Amino acid sequence: PSDVIWPLYDSGINIATRKVWGAVIEELAAKGMFLVGGSADLEPSNVTEGFAKLVEDFSKDNPTGMNLAYGVREFPMGAINNGIALHGGLYPFGATFFVFADYERPALRLRALQKLPCISEYTHDSIYVGEDGPTHQPIEHLMAYRTIPNLLVLRPSDANEAVEASKLAFQQKTRPSLVLLTRQSIPVFDRNKYPPADSIKYGGYIMSDSSNPDIVIFATGSEVWVALETKEMLSDNYNVKVINLGCWELFEEQEDSYKDQVLSCPETALLVSVESGITDGWQKFTGRKGLNIGINTFGESGPGVDVANHFGINSKSVYDKILKKIK
């Protein structure tokens, strides 16, 4: 609908990107978009509760309800949404924790194959899930889903980028999208200081530039602010460029000239990746001699921040690893 008022978040606050999803779908539903979907028994966690109240549950007694109370049935949720997309006329979405995407995977693969613009909102997108422990903490999932052809994997770095990622997902006509959102609160960037949030449409962009970088840090999602903090710590002695690579698929589709400009750096620059998950795959951007900071084991149980510190996903640890690699 043309009269949609997309949510806008002020810089200087911290907000979990999953909260954005609720604001987006409630606005779309209120403006008459034929949005149907629901959560696999995680309505409050996936922030689809407000949508469910607004549009009511679909049932034999209420056939006009637009919320589908899927229950703990990730694969049927995915398959049903595929069927709805094949029928046409409606915009289907499903929601669950990212770690449970694996139950849905055959349906996701088929929708990519069938060019169906279904959307999956996956919250709790990293080890910051915390106390639920390693069973609920996605590690290999991010790289695994990047390997499915014709699937957009969007991992926005703050609330406003999450709005733009959702918008991109709803604009697709011939491919499905995963919108990966945080459980934990993360900073909303000052877009007067950094490029606009809709830069995610390019898949990757320079978040913080340096004319002659000694170090280039690639990051996605909740790790972008870690990369920016690390840059601050390094800036007395090194020139650092930070690249936000929130959607690899969209980035690969850009003109070579754009990609070259984003990635350009001296041959001698140290290339670093920071992401809360498997590091294999990042060599595509960092090469054989780069430094890939991430998590190559299963997670741990404990508060999200403690787990992140245990795995070294913080600016002090990233700073120390970069200095050690340089020396």
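Between the alpha-carbon centres of segment 1-36 and segment 94-113 there is a gap of 23 Å.
Protein heavy-atom accessible surface, 1.4 Å probe, per residue over the chain: 43 Å². Look at the Cα gyration tensor of segment 129-188: its axes a ≥ b ≥ c give a/c of at least 1.5 with a/b at or below b/c, and that counts as oblate.
Per-peptide packing, taken as the mean over residues of other Cβ atoms within 10 Å, places 105-114, 118-127 in the sequence 118-127, 105-114 from highest down. Roughly how many whole Å is it from the C-alpha centroid of segment 196-226 to that of segment 245-273? Here the two parts' Cα centres lie 10 Å apart.
Computed from label points 7 Å out along Cα-Cβ, the spacing between residue 61 and residue 49 is 2.3 nm.
Using 7 Å Cα-to-Cβ label points, what is the residue 102/residue 150 separation (nm, one decimal)? Roughly 2.6 nm, to one decimal. Karplus-derived 3J(HN,Hα) values for segment 191-197, using 6.51 cos²θ - 1.76 cosθ + 1.60 with θ = phi - 60°, are 7, 6, 8, 10, x, x, 4 Hz; glycine and proline are entered as x. Annotation: aspartates and glutamates with alpha-carbon distance below 17 angstrom to residue 284 (same-chain offsets under eight excluded): 140, 249, 252, 253, 256, 260, 267, 275. Working from label points 7 Å from Cα in the Cα-to-Cβ sense, the residue 310 to residue 289 distance is 3.6 nm. For residue 218, the residues 5 or more places off, or on other chains, whose built amide H falls under 5 Å of its own are 243, 272, 273, 274.
Partners of residue 289 within straight-line reach, counting lysines whose Cα lies under 16 Å from its Cα and excluding those fewer than 8 residues away in the same chain: 321, 324, 325, 327. Peptide packing: for 248-257, 156-165, the average count of neighbouring Cβ atoms within 10 Å per residue gives the ranking 156-165, 248-257, highest mean first.
3J(HN,Hα) couplings calculated from phi for segment 153-160 with the Karplus curve 6.51 cos²θ - 1.76 cosθ + 1.60 (θ = phi - 60°) are, in sequence order, 10, 9, 10, x, 9, 6, 4, 5 Hz; Gly and Pro show x.
Please work out the Cα center distance from segment 48-62 to segment 165-179, rounded to the nearest Å. Computed from Cα coordinates, the inter-centre distance equals 23 Å. The solvent-accessible area of residue 17, taken with every protein chain present and a 1.4 Å probe, is close to 0 Å². Per-residue Karplus couplings for segment 268-285, computed as 6.51 cos²θ - 1.76 cosθ + 1.60 with θ equal to phi - 60°, are listed in order as 7, 5, 7, 9, 10, 10, 10, 7, 7, x, 3, 8, 4, x, 5, 4, 3, 9 Hz, Gly and Pro entered as x. Lysine pair count for segment 168-258 (Cα-Cα distance under 23 Å; residues 8 or more apart in sequence or on different chains): 6.
Taking a straight Cα-Cα cut-off under 12 Å and skipping sequence neighbours fewer than 8 places away in the same chain, the aspartates and glutamates within cross-link reach of residue 53 are 26, 43.
The values are calculated or read from the model by the stated rules, or taken from the named source; none is laboratory data. Just so you know, these numbers come straight off a predicted model, no measurement behind them. Methodologically, a virtual Cβ is constructed for each residue, glycine included, from the backbone with ideal geometry; neighbour enumeration extends over all protein chains shown. Ligands, DNA and RNA are stripped out before the accessible areas are found, and what is left, the full protein with its side chains, is counted by its heavy atoms. Shrake-Rupley method; radii C 1.70, N 1.55, O 1.52, S 1.80 Å.
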